[in-house]
Amino acid sequence: MSVDRTKCDPELGRRVHEYLITKGVETPMVNNGLAASAKIEIIEQKYKEIMGVLGQDITDDSLAETPKRVAKMLVSETLWGLDIEAFPKVMIIENKMDYDEMVLEKAVTINSWCEHHGLPITGKVFVGYVPQNKVLGISKLNRISDYYASRPQVQERLTAQICYALRYVLGIEEVSVVIEAHHGCVSMRGIKDASSMTVTSKLSPGLKADAAARAEFFAHIAREKQ
């Protein structure tokens, strides 16, 4: 997905970035000072070299534009979440209705990129939180999930990033995240098991302490698959 920079909040992105660092879950990255256009240009040249090493004829009309397409895809679509300043703009309203039950966004589709093998991770995110003083615009649960998925990732870190980012934005601890995903590095190489799925979770203190609430949360998730 190409990021709409009119719907980003660079200042919030920088604050959340620093918060994730304190939690030890921020993505390993460095600020190389390169603008997106420069990244695209450099990656295009590097990928052209890779194609040459593989023995592909980049003068063929089917391949001539591939380096540019790959470069634009990586910077502007697949890995746009590496841009800290592209953090989604969020809409938060006062919880005037005193809603104090869980809000659950189910089966948020994510497409990520395995940082170990450069292969796709595809799956679903389930995000639940119990409002206190603030209520978050529902689509932002999807948007923040997509933002962190759009990076080179390991699923455990992705789960924690979504959870901690939402806790920071909402100013609460009662946020829980579950991810179920298929990994290309498992299905397309190595063991080549296309049927297995990886499940990770980051549960709020309330769910950890309350067995009934925890059971209700996972029951809602289970109903998605029925």
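The values are calculated or read from the model by the stated rules, or taken from the named source; none is laboratory data. Nothing here was measured: the structure is a model prediction, and the numbers come from that model. Quick reminder, even Gly has a Cβ in these numbers, built from the backbone with ideal geometry, and neighbours come from all protein chains shown.
List of remarks:
- Scanning region 17-58 for residues that are under 22 Å from residue 168 (Cβ atoms) and touching a residue at least 40 places away in the same chain (Cβ under 8 Å) returns 17, 19, 20, 23, 25, 26, 27, 29.
- The single residue among 9, 100, 83, 4 that is under 18 Å from the mean Cα position of the chain (by Cα) and at pLDDT below 95 turns out to be 4.
Here's the yes/no breakdown for (1) touching a helix residue (DSSP H, G or I) at 6+ places or on another chain (Cβ under 7 Å); (2) charged (D, E, K, R); (3) within 22 Å of residue 175 (Cα to Cα):
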site: 85; (1), (2), (3): yes, yes, no
site: 89; (1), (2), (3): yes, yes, yes
site: 94; (1), (2), (3): no, yes, yes
site: 108; (1), (2), (3): yes, no, yes
site: 116; (1), (2), (3): yes, no, no
site: 120; (1), (2), (3): yes, no, no
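- Selection count where residues are surrounded by 12 or more Cβ atoms within 10 Å (Cβ to Cβ) and assigned to a helix (DSSP H, G or I), scope region 19-28: 3
- One residue from 139, 150 being within 28 Å of residue 76 (Cα to Cα), hydroxyl-bearing (Ser, Thr, Tyr), at pLDDT below 95 and not assigned by TED's automatic domain parsing to the domain that holds residue 19: 139
- Looking across region 122-138, just one residue is more than 15 Å from residue 172 (Cα to Cα), of a type in the set (A, V, I, L, M) and surrounded by 18 or more Cβ atoms within 10 Å (Cβ to Cβ), and that is 125.
- Condition broken by residue 59, with the remaining ones in (1) over 28 Å from the mean Cα position of the chain (by Cα); (2) surrounded by 10 or more Cβ atoms within 10 Å (Cβ to Cβ) satisfied: (2)
- Being closer than 14 Å to residue 130 by Cα and free of Cβ contacts under 8 Å to residues at least 12 places away in the same chain is a property that residue 193 lacks.
- Condition check for residue 94 on (1) within 22 Å of residue 165 (Cα to Cα); (2) in contact with a Ser or Thr (Cβ under 9 Å, 6 or more places away or on another chain); (3) loosely packed, with under 15 Cβ neighbours inside 10 Å; (4) not hydrophobic (A, V, I, L, M, F, W, C): one failure, at (2).
- Residue 176 being among the small types (Gly, Ala, Ser) and over 19 Å from the mean Cα position of the chain (by Cα): no
- Odd one out for residue 31, checked against (1) over 17 Å from residue 152 (Cβ atoms); (2) in a loop (DSSP other than H, G, I, E, B): (1)
- Check on residue 199, aliphatic (A, V, I, L, M) and assigned to a strand (DSSP E or B): yes
- Qualifying residue in region 161-177 (condition: among the hydrophobic types (A, V, I, L, M, F, W, C), assigned to a loop (DSSP other than H, G, I, E, B) and buried (at least 17 other Cβ atoms within 10 Å of the Cβ)): yes
- Scanning region 197-213 for residues that are more than 29 Å from residue 185 (Cβ to Cβ) and surrounded by fewer than 17 Cβ atoms within 10 Å (Cβ to Cβ) turns up 205, 208, 209, 210, 211, 212.
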